[in-house]
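The values are calculated or read from the model by the stated rules, or taken from the named source; none is laboratory data. Fair warning: this is a prediction, and the values are worked out from it, not measured in the lab. Please note: Cβ atoms are built from the backbone with ideal geometry, for glycine as well, and neighbour counts cover all protein chains shown.
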Amino acid sequence: MPTIPLTTRGAQLLKDELHRLKTVDRPAVITAIAEARAQGDLSENAEYDAARERQGFIEGRIGELEGKLSNAQIIDPKLLDAEGRVVFGATIELEDLVTDKKTTYQIVGDDEADIKVGKISVSSPIARALIGKYAGDVAEVQAPGGLREYEILDVRYE
């Protein structure tokens with residue numbers, strides 16, 4: 001399995017979710033299965049079926065998170081010294097050259113991406129177009145609505 005880039009914040013979020021699944025959700029579903037079993041006939045017991053399905057989901061997610069964390073390459077953006085170049089973990093201030101709208105994004109791992117809070121996936125078209133560029137450069141991004149041009153105003157590592 002290839003390494004998975006994560007910021008320190010993203011790795012902590014995955015660790016927190018894994019801890020919750022193991023210490024809260026897993027015991028709760030085991031209790032729900034035991035209670036459903038106590039009701040008798042399992043062949044027509046919807047609560048039992050639902051609890052078993054939930055258990056399967058939880059166990060699958062635990063395995064997925066453990067795999068991601070074991071293959072994670074954790075990068076602290078504050079420790080980066082990329083000499084002003086756009087790299088994974090960098091925070092970039094952009095200006096759309098058509099609309100003059102300014103936007104700020106941080107390039108993060110796939111699991112951390114959330115456009116609503118300005119975090120874009122390293123595998124997104126805009127991040128791929130920005131990687132390796134410097135403040136003052138213009139990046140062309142092939143978006144669903146056509147070609148967009150963004151000027152990189154600032155690159156920070158925070």
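Applying the set (1) closer than 18 Å to Leu6 by Cα; (2) of a type outside the set (Gly, Ala, Ser); (3) touching a strand residue (DSSP E or B) at 6+ places or on another chain (Cβ under 7 Å) to Leu153 leaves exactly one unmet item: (1). When region 22-51 is filtered for residues that are under 21 Å from Glu66 (Cβ atoms) and of a type in the set (Lys, Arg), the ones remaining, listed by number, are Lys22, Arg26. Being more than 25 Å from Ile115 (Cβ to Cβ) and either surrounded by 16 or more Cβ atoms within 10 Å (Cβ to Cβ) or touching a strand residue (DSSP E or B) at 6+ places or on another chain (Cβ under 8 Å) (or both) is the filter here, so list the residues in region 55-70 that pass it. Hits for region 55-70 are Gln55, Ile58, Ile62.
The C-beta contact set for region 68-90 (first residue over 17 Å from Asp111 (Cα atoms), second residue of a type outside the set (A, V, I, L, M) and exposed (fewer than 12 other Cβ atoms within 10 Å of the Cβ), distance under 7 angstrom, 6+ apart or interchain) comprises Lys78/Glu158.
Only one of the numbered conditions (1) exposed (fewer than 10 other Cβ atoms within 10 Å of the Cβ); (2) among the hydroxyl-bearing types (Ser, Thr, Tyr); (3) in a helix (DSSP H, G or I) is violated by Thr31, and that is (1). Of the residues contained in region 86-94, none is found to be loosely packed, with under 13 Cβ neighbours inside 10 Å and in a strand (DSSP E or B). Residues of region 136-158 that are more than 12 Å from Val87 (Cα to Cα) and hydrophobic (A, V, I, L, M, F, W, C): Val138, Ala139, Val141, Ala143, Leu147, Ile152, Leu153. For Asp96, the requirement of being of a type in the set (Asp, Glu), farther than 13 Å from Glu158 by Cα, modelled with pLDDT under 95 and touching a Leu at 6+ places or on another chain (Cβ under 8 Å) is not met.
For region 34-54, the tally of residues that are surrounded by 12 or more Cβ atoms within 10 Å (Cβ to Cβ) and within 29 Å of Leu14 (Cβ to Cβ) stands at 4. Restricting attention to region 104-154, the residues being within 27 Å of Leu14 (Cα to Cα) and either assigned to a loop (DSSP other than H, G, I, E, B) or not assigned by TED's automatic domain parsing to the domain that holds Gly89 (or both) number 10. Confirm whether Thr23 is of a type outside the set (Asp, Glu), surrounded by fewer than 12 Cβ atoms within 10 Å (Cβ to Cβ), modelled with pLDDT of 95 or more and at negative phi. Taking the combined requirement at face value, the residue satisfies it. The one condition from (1) in a strand (DSSP E or B); (2) under 16 Å from Ile4 (Cβ atoms); (3) more than 16 Å from the chain's Cα centre (by Cα) that Gly63 does not meet is (1).
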